[in-house]
Amino acid sequence: MELLLKLSAVAILASGICLVLKKNSPEMGLALAILVSVGSVTLIVELIRPILKFLEEAGRLGGLSGVLFHSLLKCLGIGVWSKIASEICKDSGQGAIGGSIDLAGAVCALYCALPILNTLIDMLEELI
């Protein structure tokens, strides 16, 4: 897609600039990395809306309850957000903080998935 090509070009250019800035001003490199990351996510929000509409319609047709659908979307959002935050921390040299964000994201996703897991257990109980 055209948007992906543009975002990739900006990301590659920004990565090169970050490498140059890292020698003299690492905090400016980190600020640029955060700015490009947030900007990229902001630009793709418009692409996410039609996908969400499609998934809602598919869930409705498939008989998926709204609670389960929203839990699934929350898990997806948590995964994406924690990955971006973790990578920014790791890029700034804070691997331990990035790792803790990864762990927190996994725990939060599991917590949000509890309604899905409860439904799965209920379905298994009905089969047995």
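The values are calculated or read from the model by the stated rules, or taken from the named source; none is laboratory data. This one's a predicted model, so the numbers in the text were calculated from it and none came from an experiment. No Cβ is skipped: glycine too gets one built from the backbone with ideal geometry, and neighbour counts run over all protein chains shown. Just so you know, the surface numbers come from the protein's heavy atoms only, side chains and all, with ligands and any DNA or RNA stripped out. Shrake-Rupley method; radii C 1.70, N 1.55, O 1.52, S 1.80 Å.
Looking at segment 66-76, which of its residues are in contact (Cβ under 8 Å) with a residue 12 or more places away in the chain and either open to solvent by less than 70 Å² (accessible area, probe 1.4 Å) or assigned to a loop (DSSP other than H, G, I, E, B) (or both)?
Passing the criteria: LEU68, PHE69, SER71, LEU73, CYS75.
Give the residue, chosen from GLY29, GLY99, GLY105, that is out of contact with any helix residue (DSSP H, G or I) (no Cβ under 6 Å at 6 or more places or on another chain) and open to solvent by less than 70 Å² (accessible area, probe 1.4 Å).
Result: GLY99 is the single residue among GLY29, GLY99, GLY105 that is out of contact with any helix residue (DSSP H, G or I) (no Cβ under 6 Å at 6 or more places or on another chain) and open to solvent by less than 70 Å² (accessible area, probe 1.4 Å).
The set of residues in segment 40-74 that are more than 18 Å from the chain's Cα centre (by Cα) and of a type in the set (Val, Ile, Thr) contains only VAL67. Picking from residues in segment 41-59 that are open to solvent by less than 90 Å² (accessible area, probe 1.4 Å) and in contact (Cβ under 8 Å) with a residue 40 or more places away in the chain, the one that is nearest to ALA85 (Cα to Cα) is VAL41. The condition of being modelled with pLDDT of 85 or more and either open to solvent by 80 Å² or more (accessible area, probe 1.4 Å) or touching a strand residue (DSSP E or B) at 6+ places or on another chain (Cβ under 6 Å) (or both) holds for LEU35.
In segment 77-96, of all residues being of a type in the set (A, V, I, L, M) and within 11 Å of the chain's Cα centre (by Cα), the one that is surrounded by the most Cβ atoms within 10 Å (Cβ to Cβ) corresponds to ILE78.
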